[in-house]
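First up is the structure itself, then whatever we jot down about it.
The values are calculated or read from the model by the stated rules, or taken from the named source; none is laboratory data. These figures come from a predicted structure and were not determined experimentally. Cβ placement follows ideal geometry from the backbone for every residue including glycine, while neighbour counts extend to all protein chains displayed.
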Amino acid sequence: MPSKYVIKRLYRSALFVLLCFLSAESLSAQLIINNKRNNESFSIHNQTEYIDVEQSNFTLGQILHNKSLHFLPMKSENMDFGFTNHNFWFRFQLVNTTDEETIYFFETARPITDKAELYTIKSNHQITRYQSGDAIPFDKKSFNHRKTIFKIVLQPHEKQQFYLHIKSDGEMLSMPVILHSLENLLEVTSFEQFIFGFFYGILIIAAVLYLFFFFAMRDNTFLYYSMYVVFIGLLQFAVDGYFFQFITPQSGWLSLHAVLLFACVANFFLGRYAQVFLKIRVYSQFLNTAFYVIYVLDFLLLLSLFLIENHQYAYPIANILGLILLLLIVTSQALIYIRTQTIDRFFAVGIFFLISGFVVFILKNFSLLPLTFWTENASKLGTGLEVVFLSLSMANLIRNLKNEREELQTLALQRSEEMNELKSYFLSNISHELRTPLNAIMSLSDTIAAEVENQTVKSNCDVIKYSSKSLLNSVNDILDFSKIEKGELKLEIQPFSLTKSMEHIKNTAMVTSKEKDLEIKFLLSDDLPDNLLGDAIRYEQIANNIINNAIKFTKEGTIKIELTSTPNGENQVKLQLKVTDSGIGIPKEKMNSIFDSFSQESINNKRKFGGLGLGLYIVKNLVDIHNGKVDIRSQQGLGTICTIDLNFETIKDKPKAVIPESNTNYDLKGKRILVVEDNIMNQMVIKMITKNWMNTEVVFANNGEEGVNKLKSNPFDIVLMDLQMPVMDGYEATIAIRKGDAGEENKNIPIIAVTADVMESTKVRVLEIGMNKYLSKPVDKEVLYENIKSLVELAIT
């Protein structure tokens, strides 16, 4: 029995004889190769014939035996067969007329073609099969190249016949039939690598750059554009065969579906980018909805890749969706231009190049343009130019966003300044509205206490006075918080009596602690200096806040207040105030935040103990501007020890400017005072303060305009000026007086601002417009007398 090898050889011989017989007429055209063609590439479409056998999976033998098959001549050098999943067979014949071996590299279908089989039939009846396509592992290709290329070797004076079988899964089948010499193939490959490297480099830079912009600016436009560039790059990477070569060399599902996957995702991100960048929703709800319809169809197409095996219609649908998307973008640009007469030129040019690239590519497929590197890669060139111009458009977007943010920052700054002004105005008003009644209450309680003999009434007046002072301290805390925020907290350095300040502090603490039945112990060192140079009000504020804090958080027991002094150089003394309580204490985890604003031991404590939560915050800032130290040590459940060290300058003489003797005879020796005050209660307070002053006449005016008129018609020695008044306020009245509107003789009359507005800006402004002094309400009668006396004596001098 003959061996299988012998049978196989006989079959091949018979097949060759049959082939020669069957193709004697049909293969009458053949390519004659001579030496002149050794260093070039050329198309052999004129010598090539084809047949479409549709879904018939014929073998080479069946193709050769079937007499009903009629091959047709190729019409162009890059014949396009459209989107198809048919089987195509091609045939041609090569004759080497030279005396040397000739090697050519046959380039045919696109790199994404699934299956390409080349059969060579030599004169010795030998049939050889070569394979390519992305449906097989890359290392199984007969020639390892990203393209569909086969190596052809022709011996001297040899003639070979070739049959080529092509099968795809529905992709566009474009069929060049080109022979390359080795030198030409290397040259073409090098040139393509350079161009493609430049192309993919641009895409990578654009994708990474705008992804960075997205993370920096959190604008979705940058994300959509970056993702579009990524996936359009992956799409081209797959179309060029690089994805199969480097990412999925073993072939498989992802390799066969990469083009469709990337096309669907790239379509979505291009649409979202254009939709957001052009703000289409603002101009047309219909077009905006149309974009979402495209996204839904795109998603369904993407889903079908996982659910349906036959993708014959997937490729044309993907291209149609892409075309509709481009038409939507162009229509949107046209609509925007019609409505606004403006257009983003870079964006428009970018879309123009993208469309132009695809148009050139399609015209080439229909053989309306010649097959060249540029027409073959027109879509890639259009995409590259599109990315460049869209990147320029994105640069415009960045500049616009920067301008918008700068405008927003400017607007925010203006709003912030307006809010600060409003805040200052509000605080000034609230200070005025709260201090006005407090001024009356405190002054009235002092007057009643001085005029009655009943000790119970006197005691009740003291309660009213010190309760009012406690309320005044809360008002001061709110205002001081604002001053700290604005950096306006300052000290007013004047002589003051430490003994008198401690007396005020003690009286306030006694009244505050009386309700809780706490024991208050004041331990004052015997060597305390009495006369100091500093800010008495701020010192008392520090002490009151610390003591009030101790009282607030102590349910029962004792609060001990110790004050000692230590010499600290010439005319300098260090005062140490130590407050010890037996209260709830402070947890260790809260110690680092006790000096924060609005901070108490816990949120619940605000409900349980009350308070603004500003006390220690203000204390810390006041101590800091004194260049002092504050130390708090506490144990939860056992109590707290707060120690404050402050440095003051000592003075030998008793201060006269602010704190006079309580038994001073208030005698202004016939001076006349004009009080410009619109509030009846405040007028009453001034009357109560001055009614026992000897040789003093007080006249009232209800607003600034009335005050200026009274100055014109009557002589006065000094003016007490309120600031916030109807018709003409205190600022306007002072400016008018200094200009001479009240008479040349009154241009330099002493003016004291007596106001409930304690803002630092107010203090600065009253001095700037020419007032001599500033006093805040509630007014201390002794301070008021001494300031008036000093100014009228100065005027006389």
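General observations
- When each of Val699, Val764 is tested for being within 30 Å of Glu485 (Cα to Cα) and surrounded by fewer than 19 Cβ atoms within 10 Å (Cβ to Cβ), the lone residue that passes is Val764.
- Within the range 70-88, the set of residues being outside any strand (DSSP E or B) and modelled with pLDDT of 90 or more comprises His70, Phe71, Met74, Thr84, Asn85, His86.
- Members of the range 112-145 found to be surrounded by fewer than 21 Cβ atoms within 10 Å (Cβ to Cβ) and in contact with a His (Cβ under 9 Å, 6 or more places away or on another chain), listed by number: Lys115, Glu117, Tyr119
- For Asn365, the conditions (1) modelled with pLDDT under 80; (2) in contact with a helix residue (DSSP H, G or I) (Cβ under 8 Å, 6 or more places away or on another chain) are fulfilled apart from (2).
- Condition broken by Asp446, with the remaining ones in (1) farther than 23 Å from Lys773 by Cβ; (2) of a type outside the set (Phe, Trp, Tyr); (3) assigned to a helix (DSSP H, G or I) satisfied: (1)
- The range 94-106, subset surrounded by fewer than 20 Cβ atoms within 10 Å (Cβ to Cβ) and assigned to a strand (DSSP E or B), residue nearest to the chain's Cα centre (by Cα): Ile103
- Segments classed as helices (runs of 4 or more DSSP H), wholly inside the range 680-797, with at least 1 members that are more than 23 Å from Ser468 (Cα to Cα) and without any contact (Cβ under 8 Å) to a residue 40 or more places away in the chain: 704-713, 730-739, 760-768, 781-796
- Glu453 assigned to a helix (DSSP H, G or I), surrounded by fewer than 20 Cβ atoms within 10 Å (Cβ to Cβ) and of a type in the set (Asp, Glu): no
- Filter result for Val259 (among the hydrophobic types (A, V, I, L, M, F, W, C) and surrounded by 15 or more Cβ atoms within 10 Å (Cβ to Cβ)): yes
- Qualifying positions in the range 485-503 - surrounded by fewer than 18 Cβ atoms within 10 Å (Cβ to Cβ), in a helix (DSSP H, G or I) and under 53 Å from the mean Cα position of the chain (by Cα): Glu485, Lys486
Residue-by-condition table, conditions (1) aromatic (Phe, Trp, Tyr); (2) touching a Phe, Trp or Tyr at 6+ places or on another chain (Cβ under 7 Å); (3) touching a residue at least 12 places away in the same chain (Cβ under 8 Å):
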{"site": "Gln285", "(1), (2), (3)": "no, no, no"}
{"site": "Phe291", "(1), (2), (3)": "yes, no, yes"}
{"site": "Leu297", "(1), (2), (3)": "no, no, yes"}
{"site": "Ile351", "(1), (2), (3)": "no, no, yes"}
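- Residues of the range 504-520 that are of a type in the set (S, T, N, Q) and more than 50 Å from the chain's Cα centre (by Cα): Asn507, Thr508, Ser513.
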